[in-house]
Amino acid sequence: MRALLAGFEPFDGATVNPSWEAVRRVPGAHAVLLPCEFGAATERLRAAMLEHGPEVVVCVGQAAGRADVTVERVAINLDDARIPDNAGHQPVDRPVVPGGPAAYFATLPVKACVAAARKAGVPASVSHSAGTFVCNHVFYGLMHLIATAFPQVRGGFVHVPAAPGQVLDQGWPAMPSMPVTMVAEALTAIVTAAGLVHDDLRLTGGSLH
């Protein structure tokens, strides 16, 4: 199975991004580093897809404050940035793709991916919101590329917690963290499940709020 994983460069003053540190540790997969920039990140991802011809694409981003690995289910057609990206852009209430669908679902077997990560010993869950910053922008961009140009590809997005070093270096109080090596184990399990499972598990993965 040809797999492409994408992680992000550091942003918002950080010196490391655990998404990239974990992605480049997944054995057997191509890894691409995305800029934390609206527009440019999706273009970098598209170029990598053309170069490597993957069957599965998993984009990965940091979600500081989350305690487990979260497999995203829905990408929305909205950029609404609370902070500027690394190029200084801060779009507000702007579509990712003008005229595109309001949302896309991931084409990964989301619940099977969560189950695989848990089986590997890593806390994981389903998420129904990838936010409205560059992570969601790339997630929506990926799914739009799959819908319009790469119909043979399965794809989705995974958010990961902060790394322990970030919590210590930046003095974040009571911030959950997870070692990058553990995140890489979860991503390895997720990619494997994405390649093997075609009909997702019929398990509850919803939330009350």
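The values are calculated or read from the model by the stated rules, or taken from the named source; none is laboratory data. Keep in mind that what you see is a predicted model, and the values were worked out from it rather than measured. For neighbour counting, all protein chains shown are included, and Cβ atoms are generated from backbone atoms with ideal geometry for every residue, glycine included. Areas reflect the complete protein model, heavy atoms only, side chains present, ligands, DNA and RNA absent. Shrake-Rupley method; radii C 1.70, N 1.55, O 1.52, S 1.80 Å.
Observations, loosely collected:
- For residue 155, nonlocal amide neighbours, meaning residues 5 or more places apart or on other chains whose placed amide H falls under 5 Å from its own, are 57, 107, 108.
- Two-site FRET efficiency, residue 40 against residue 204, from Cβ-Cβ distance with R₀ of 35 Å, rounded to 0.05: 0.40
- Share of carbon and sulfur in the accessible heavy-atom surface of region 49-122 [1.4 Å probe, %]: 53
- Overall Cα dimensions of region 1-40, principal axis frame, Å, largest first: 35, 21, 7
- Peptides 59-66, 31-38 ordered by packing proxy, namely the average of other Cβ atoms within 10 Å per residue, highest first: 59-66, 31-38.
- Amide H to amide H distances under 5 Å link residue 34 with 7, 8, 9, where only residues 5 or more positions off or on other chains count and H is placed in the peptide plane.
- Based on protein heavy atoms only, the chain ends up with 46 Å² per residue of surface accessible to a 1.4 Å probe.
- Stretching the chain fully between residue 24 and residue 50 yields a gain of 7.4 nm (0.36 nm per residue, less the alpha carbon separation).
- Only protein heavy atoms count here; on that basis, with a 1.4 Å probe, residue 185 has an accessible area of about 100 Å².
- Tensor-based shape of region 46-156 (alpha-carbon gyration tensor, a/c under 1.5 rounded, otherwise prolate or oblate): oblate
- Rough spin-label spacing in nm, given labels placed 7 Å along Cα→Cβ, for residue 83 and residue 128: 2.7
- Highest-fluctuation residue, 13, 156, 39 considered, GNM on the chain with Cα pairs under 10 Å: 13
- Amide H partners (placed H, <5 Å) of residue 61, local residues excluded: 158, 159, 160
- Of 198, 159, 137, the one that fluctuates the most in a GNM where the chain has Cα springs shorter than 10 Å: 198
- Rounded to the nearest 20, the size of the Cβ-charge dipole of region 1-151 about its Cα centre is 560 debye, with Lys and Arg at +1 and Asp and Glu at -1.
- Taking 42, 148, 107 as the candidate residues, the one with maximal mean-square fluctuation in a Gaussian network model of the chain, Cα springs under 10 Å, is 148.
- Computed over the chain, the Cα gyration tensor eigenvalues convert (square root of 5λ each) into semi-axes of 22, 22, 17 Å, ordered from largest to smallest.
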